[in-house]
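Visitor: Below you will find the structure I want to go over with you.
Quick note: the coordinates plus some simple rules give every number you see, no bench work behind them. All figures in this text were calculated on a predicted structure; none of them were measured in a lab. Glycine also receives a Cβ, built like all others from the backbone with ideal geometry; neighbour counts cover every protein chain displayed.
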Amino acid sequence: MNSDTNASESETRTKWAEDRTILANERTYSSWMGTGLACVGVAIGLKAIFGAFDPTWVAKLVASLFLGIAIMIYWMARRQACKTLNRLSENDAEALPTRDFTKLSVAMTIATVGTGIVLWLL
């Protein structure tokens, strides 16, 4: 009976560890999205600082590089979050569906491209 109790407790701890990993995966995804947004902020800051820079296309090009990096970050974060989530089983925690990672990455990409368009039109 004692070994059954120990096995049950061990299994419970393993399930909780999986749930914690699922939640950590979502926090990591969120952190990567924040890093992508920081790249967008750098792009806007570059445009603000070097707006009077001549030729203006150089400042816009550098800002666009940061926007491109932001988009890469969004999609790398999505890929890694989905890959991690597919390896795990949820127990007590309810994991964010992988389609929600995709929806958010699409929305952030559209917003970043929109920011790039505005920067080039200014």
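Visitor: Let me have the 222 nm mean residue ellipticity of the chain computed from DSSP H runs of 4+ only, each contributing -39500 (n - 2.57), with the sum over all residues rounded to the nearest 500.
Guide: Dividing the helical sum by the residues of the chain leaves -31000 deg cm²/dmol.
Visitor: In degrees between 0 and 90, to the nearest 10, how far off the longest principal axis of the chain does helix 98-121 point, with axes built from Cα atoms?
Guide: 10
Visitor: For Leu37, project a label point 7 Å along Cα to C-beta. Then give me every residue of region 58-97 with its amide nitrogen under 14 Å of that point.
Guide: 74
Visitor: Work from the charge dipole of the chain (Cβ charges, +1 for Lys and Arg, -1 for Asp and Glu, about the Cα centre) and give the residue of Ala93, Val58, Met72 farthest towards its positive end.
Guide: Comparing the listed Cα positions along the dipole, Val58 ranks first.
Visitor: Would you work out the relative contact order for the chain, in percent, from Cα pairs under 8 angstrom that are 6 or more residues apart? Don't skip to the end; give the middle numbers.
Guide: On the way: 95 pairs, mean separation 42.0, N = 122.
34 percent.
Visitor: While we're looking at this one, here's another question. Along the charge dipole of region 2-121, Cβ charges K/R +1 and D/E -1, which of Gly34, Thr21, Trp120 sits furthest on the positive end?
Guide: Trp120
Visitor: Here is a follow-up. Which aspartates and glutamates does Lys103 reach when only Cα atoms under 20 Å apart count, and residues fewer than 8 places away in its own chain are ignored?
Guide: Glu26, Glu94
Visitor: Under a point-charge model restricted to the Cβ atoms of Lys and Arg (+1) and Asp and Glu (-1), what is the dipole moment magnitude of the chain relative to its Cα centre, in debye to the nearest 20?
Guide: On the way: 12 positive and 11 negative charges, 129 e Å.
The dipole magnitude comes to about 620 debye.
Visitor: For Val118 and Leu65 in one chain, what is 0.36 nm times their gap in residues minus the Cα-Cα distance, to one decimal in nm?
Guide: Result for the pair: 17.6 nm of gain on full extension.
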